[in-house]
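Right, one structure below, let's go through it.
A short reminder: the numbers here are calculations on the coordinates, not readings from a lab. This structure is a prediction, so every number in the text was calculated from the model and none was measured. Positions of Cβ are generated from backbone atoms using ideal geometry, with glycine treated the same way; all protein chains shown enter the neighbour counts.
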Amino acid sequence: MDQQPETNTRAGLAQDAVARDAAQQSARRRTFAIIAHPDAGKTTLTEKLLLKGGAIQLAGAVRAKGNARRTRSDWMKIEQDRGISVATSVMTFERDNLIFNLLDTPGHEDFSEDTYRTLTAVDAAVMVLDGAKGIEAQTLKLFEVCRLRDIPIVTFINKMDREGRDPMDLLDEIEKTLALDVTPAAWPIGQGRDLLGVYDIVNPALRLLGEEGDEVIPVSGLDDPILDARIPAPLLAELREQVGLVTMGYPEFDMDAFLQGTMTPVFFGSALRDFGVGQLLDGLGRMAPPPRARAADTRDVVPGEGRLSGFVFKVQANMDPNHRDRVAFLRICSGRLEKGMRLTQTRTGKQVPVNAPLFFFAKDRQVAEEAWPGDVVGIANHGTLRIGDTLTEGEALNFRGVPSFAPEHLRRARLEDPMLAKKLKKALEQLADEGVVQLFRPLDGSPPVVGVVGLLQLDVLASRIKVEYGVPVSFEATHWDQLRWFASDDKDAVERFTRQHKADLAEDHDGEMVAFFTSDWRRRRAEEEFPALTFHAVREQH
Ligand code: G4P
């Protein structure tokens with residue numbers, strides 16, 4: 001007799017059911033981040049998005065953070081007060097039967113590495129621009145990361161209640177600077193003090209700035225007499241002319257191009273006045289993709305699979321000062337996460353119990369009974385889980401693409417009390433697991449080298465080592481100013497290079513080889529001398 005196909009077994013049927021649910025549930029998820037240059041209005045917009053999602057009680061927490069991180073000392077206080085900075089890492093809200101997961105990213109540019117990693121866990125991004133400034137340095141950097149990952153981007157031009165630049169200019173700038181097709185989803189009616197609202201190009205309507213959010217008046221098109229009744233003649237003439245121009249001059253919205261990250265729809269509004277935010281959120285719900293297939297080393301994983309998979313993109317230690325726990329943030333890619341599951345950490349083959357997966361709601365954490373693709377849950381553990389780890393129900397696969405960036409500052413820790421060396425080692429290792437710092441062990445046996453992308457990271461590092469581990473420490477410069485990961489199939493070349501550069505080699509936290517250099521010139525010379533080796537400034541973590 002023929003053997004029964006697997007799906008006829010009870011386990012197979014249960015898995016099919018999970019797969020169906022996972023497909024349905026993931027279709028409702030929109031997991032995104034906001035990218036912005038500091039001060040463009042990310043915090044204000046976040047607050048308003050949460051309000052729209054009915055999460056009013058959260059707004060205070062977001063605002064508190066926005067204000068508090070303005071100065072360095074305040075920021076450090078916040079970092080030490082684990083509650084707030086973590087609390088706002090993931091914000092979940094529901095609207096029109098969709099579940100939005102907004103992953104927060106730190107605003108300060110020294111922490112961009114954390115931001116980059118967070119961007120590996122989202123399916124879309126909202127790019128916020130200040131209407132008076134357009135594209136700024138940090139916008140550009142973050143955009144480049146989105147482009148590397150083909151993350152679809154929705155643009156929100158903020159602060160339209162202030163005098164700013166000509167909207168046409170802004171569109172041109174986005175198109176030219178980012179080499180991205182733009183398609184206006186709306187067009188402002190007036191600007192600054194004269195801002196009346198926007199004309200919705202996608203679903204023809206007037207969206208007027210009202211006392212309580214947008215007043216939406218559906219219209220048949222630009223010739224609808226309602227426009228004449230509601231908009232002063234000079235503004236209306238200008239609107240008709242401009243919308244005529246932009247709809248002719250810019251392409252129509254093209255879903256495929258958007259999903260491939262080559263086209264961005266542009267919305268206009270004022271986060272402060274809560275104007276245009278509803279339209280943005282509706283647009284995000286309509287256009288931003290639900291979780292998609294994700295590449296792992298062995299195959300592509302689709303959300304609607306019966307078995308769970310996910311990866312850790314962030315680890316936060318000592319969130320609760322009373323318990324020395326560490327929370328790993330897991331982005332779910334397929335299947336269903338259930339409370340009480342045991343998952344496999346594919347890097348080591350170890351079993352990880354997930355007894356109380358946490359959802360985060362601003363200041364509160366809440367135990368999740370179940371979670372689906374697109375969701376992010378926190379898993380408390382004692383240092384087992386690292387950034388880049390993949391968790392599955394047993395399948396040996398590894399998701400790709402949580403990056404490490406070559407640090408720009410290399411330091412050595414100096415202890416005031418040598419008796420604390422062991423404690424310092426543990427602190428550095430734990431903070432390296434958390435991704436706060438990169439740790440390198442020189443091959444010549446000299447003390448470890450710490451690497452950071454931004455100098456402010458060193459202050460935070462010293463402060464956390466003191467507060468959380470009781471070790472006063474400072475950091476002194478090394479003679480190196482840069483490093484590269486290197487690899488080659490040519491063993492001889494590696495050996496020659498290793499021999500020649502012995503004093504400048506180290507292993508990173510995961511045992512990968514790096515070379516330190518004292519200048520650009522020396523690095524370039526090494527690259528020229530050893531063409532068989534490839535040198536990388538970015539490394540994917542596994
Ligand atoms: P960020 O998180 O991107 O750094 O920006 P944040 O929201 O904190 O906003 C930066 C400043 O811009 C804040 O002003 C905020 O009130 C203001 N802002 C944000 N959105 C708008 C907008 O749509 N219109 C106008 N006119 N201003 C906006 P601040 O004075 O620096 O801080 P605060 O004292 O108001 O908090």
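Pick out, in residue order, every one of the GluC sites (Glu not before Pro) in the range 232-300 that is DSSP loop and has at most 10 other C-beta atoms within 10 Å; say none if there are none.
On the way: sites: GLU238, GLU241, GLU252; in loops: GLU252.
Sparse-neighbourhood loop GluC sites (Glu not before Pro): GLU252.
Taking 8 Å as the Cα distance limit and 6 or more residues as the minimum spacing, I'd like the relative contact order of the range 212-319 as a percentage.
Numbers: 42 pairs, mean separation 19.0, N = 108.
Once divided by the residue count of the range 212-319, the mean separation gives 18 percent.
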Based on the alpha-carbon gyration tensor of the range 162-223 and its eigenvalue square roots a ≥ b ≥ c, which shape applies: rounded if a/c is under 1.5, prolate if not and a/b is larger than b/c, or oblate?
oblate
Which GluC sites (Glu not before Pro) in the range 113-190 sit in a loop by DSSP (not H, G, I, E or B) and have at most 16 other Cβ atoms within 10 Å of their own Cβ?
GLU136, GLU163
Go ahead and estimate [θ] at 222 nm for the chain from helices alone: -39,500 (n - 2.57) per DSSP H run with n ≥ 4, summed, over the residue count, rounded to 500.
-9500 deg cm²/dmol
Which net charge results for the neighbourhood of GLN279, defined as the other residues with beta-carbon distances under 11 angstrom from its beta-carbon, given Lys and Arg at +1 and Asp and Glu at -1?
0
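Dipole of the chain, Cα-centred, from +1 at each Lys and Arg C-beta and -1 at each Asp and Glu C-beta, to the nearest 20 debye? Numbers along the way, then the final one.
Details: 68 positive and 83 negative charges, 407 e Å.
Once rounded to the nearest 20, the dipole reads 1960 debye.
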Relative contact order for the chain using alpha-carbon pairs under 8 Å, separation at least 6, rounded to a whole percent?
14 percent
Rounded to the nearest whole number, the per residue volume of the convex hull around the C-alpha atoms of the chain in Å³ is 181 Å³
Can you tell me the relative contact order of the range 417-542? Whole percent, Cα pairs under 8 Å, sequence separation 6 or more.
26 percent
What are the lysines whose alpha-carbon lies under 30 Å from the alpha-carbon of LYS502, with same-chain residues fewer than 8 places away excluded?
LYS422, LYS423, LYS425, LYS426, LYS491
Nearby lysines by direct alpha-carbon distance to LYS339 (threshold 22 angstrom, same-chain neighbours under 8 apart not counted):
LYS314, LYS350, LYS363
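Structure shown: which of LYS48/LYS176; LYS42/LYS176; LYS48/LYS159; LYS48/LYS141 lie over 18 Å apart, alpha-carbon to alpha-carbon?
On the way: LYS48/LYS176 30 Å; LYS42/LYS176 23 Å; LYS48/LYS159 14 Å; LYS48/LYS141 25 Å.
From LYS48/LYS176; LYS42/LYS176; LYS48/LYS159; LYS48/LYS141, over 18 Å: LYS48/LYS176; LYS42/LYS176; LYS48/LYS141.
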